[in-house]
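Visitor: Quick one: this structure, given as structure tokens, is what I'll be asking you about.
The values are calculated or read from the model by the stated rules, or taken from the named source; none is laboratory data. Bear in mind the structure is a predicted one, so any value in this text is a computation, not a measurement. Virtual Cβ from ideal backbone geometry, glycine too; neighbours counted across all protein chains shown. SASA here: full protein model, heavy atoms, side chains in, ligands and nucleic acids out. Shrake-Rupley method; radii C 1.70, N 1.55, O 1.52, S 1.80 Å.
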Amino acid sequence: MARPRRSGDTQQLLVEEGAAGFLANGYHGTGIKQVLDKVGVPKGSFYNYFDSKESFGRAVIEHHSLCVQRNLSEAFGGAADPVSGLRAFFGRLMEEFVGAEFTGGCLIANLGGELEGSELLRESLSSAWGMWRDRVAEQLREAQGLGMIRGDIDAIDLADLLLESWEGAVIRMKIDRTLAPLNKCLDRLLGDYFLP
């Protein structure tokens, strides 16, 4: 096997492959050798890029968080109004779930249930969740200003409720292999409870 150049590109490939592995098999079910083999990196080279599997996990979580932020910006940027932007973002996630045949789910939630023993990874997951929640809250706050969303509950609390409900619906989606729980979540919250 040819020895790859040590570069940011190789590190990024490792992170992307790690994200795919963690989503499919979990953190503990994804071996470093498996990731290295898929990227074509010799086993001994892993420590040129990461101090440990835990630091690798942190890099994967940070990468996933940046992807979520990019997807939020894309969905919100092209929307006619804040609520349409939220629906567009969640609609894209649903398309991805269908494409993956209702497997995988959300990397943050999946790892959150698995990584109770690592403070470093718990902090990384908390930060990723907070960034996601804060962007959703910004949209909800803007919608409140337009009179589209009830204003008697803080936008942060509404965002937490939306995302926590969404994550529960993702679990149900995976069990039943249908988008119905996700549609119900959005309809009950964005189309009912959140209305002024």
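Visitor: Find the relative contact order for the chain and round it to a whole percent, using C-alpha pairs within less than 8 Å whose residues are 6+ positions apart.
Guide: It rounds to 20 percent for the chain.
Visitor: Given only helices, namely DSSP H runs of n ≥ 4 each adding -39500 (n - 2.57), what is the per-residue ellipticity at 222 nm of the chain, to the nearest 500 deg cm²/dmol?
Guide: -23000 deg cm²/dmol
Visitor: Projected onto the charge dipole of the chain (+1 at Lys/Arg Cβ, -1 at Asp/Glu Cβ, origin at the Cα centre), which of 161, 72, 196 gives the Cα projection farthest towards the positive end?
Guide: Comparing the listed Cα positions along the dipole, 72 ranks first.
Visitor: Still on this structure, I have one more. Based on the Cβ-Cβ distance from residue 95 to residue 43, what FRET efficiency comes out when R0 is 41 Å, to the nearest 0.05?
Guide: The pair residue 95/residue 43 has a calculated efficiency of 0.65.
Visitor: Which semi-axes, in whole Å and largest first, does the equivalent ellipsoid of the range 59-141 have when worked out from the alpha carbon gyration tensor as the square roots of 5 times its eigenvalues?
Guide: 24, 16, 9
Visitor: Another question about this same structure. Run the dipole for the chain about the Cα centre, Lys and Arg Cβ at +1, Asp and Glu Cβ at -1, nothing else charged, and hand back the magnitude in debye, nearest 20.
Guide: Its charge dipole is roughly 720 debye.
Visitor: Treating only the Cβ atoms of Lys and Arg (+1) and Asp and Glu (-1) as charged, compute the dipole magnitude of the range 7-85 about its Cα centre; round to the nearest 20 debye.
Guide: With only Lys, Arg, Asp and Glu charged at Cβ, the dipole is about 280 debye.
Visitor: For a Förster distance of 22 Å, can you work out the FRET efficiency between the beta-carbons of residue 184 and residue 131, rounded to the nearest 0.05?
Guide: About 0.25, to the nearest 0.05.
Visitor: Follow-up question, since we're still on this one. Report, to the nearest whole %, how much of the accessible area of the chain belongs to carbon and sulfur atoms, 1.4 Å probe, protein only.
Guide: On the way: 4920 of 10010 Å².
Ligands and nucleic acids excluded, carbon and sulfur reach 49 percent.
Visitor: What accessible area per residue comes out for the chain, rounded to a whole number of Å², with a 1.4 Å probe?
Guide: For the chain, the per-residue accessible area is 51 Å².
Visitor: Same structure again: Given a Förster radius of 45 Å and the C-beta distance between residue 157 and residue 51 as r, what FRET efficiency does 1/(1 + (r/R0)^6) yield to the nearest 0.05?
Guide: Values: r = 38 Å, r/R0 = 0.84.
That gives a FRET efficiency of 0.75.
Visitor: Considering the values (i) 11.0; (ii) 11.8; (iii) 13.0, which represents mean projected area of the Cα convex hull in nm² as calculated for the structure under consideration?
Guide: The listed entry that was calculated here is (ii).
Visitor: Which is farthest toward the positive dipole end of the range 1-147 among 39, 27, 127, measuring Cα position about the Cα centre, with Cβ charges +1 (Lys, Arg) and -1 (Asp, Glu)?
Guide: 39
Visitor: Take a quick pass over the chain and tell me how many lysine pairs come in under 29 angstrom between Cα atoms, counting only ones 8 or more apart or on separate chains.
Guide: Lysine pairs, 8 or more places apart or on different chains, close enough: 8.
Visitor: For the range 45-196, with the dipole built from +1 on Lys and Arg beta-carbon atoms and -1 on Asp and Glu ones, taken about the Cα centre, which of 57, 83, 117 lies farthest toward the positive end?
Guide: Checking the options against the dipole of the range 45-196, the answer is 83.
Visitor: Once the Cα atoms of helix 119-145 and of the chain are each reduced to a long axis, what angle between those two axes, in degrees from 0 to 90 to the nearest 10, is obtained?
Guide: With both axes taken from Cα atoms, the answer is about 30 degrees.
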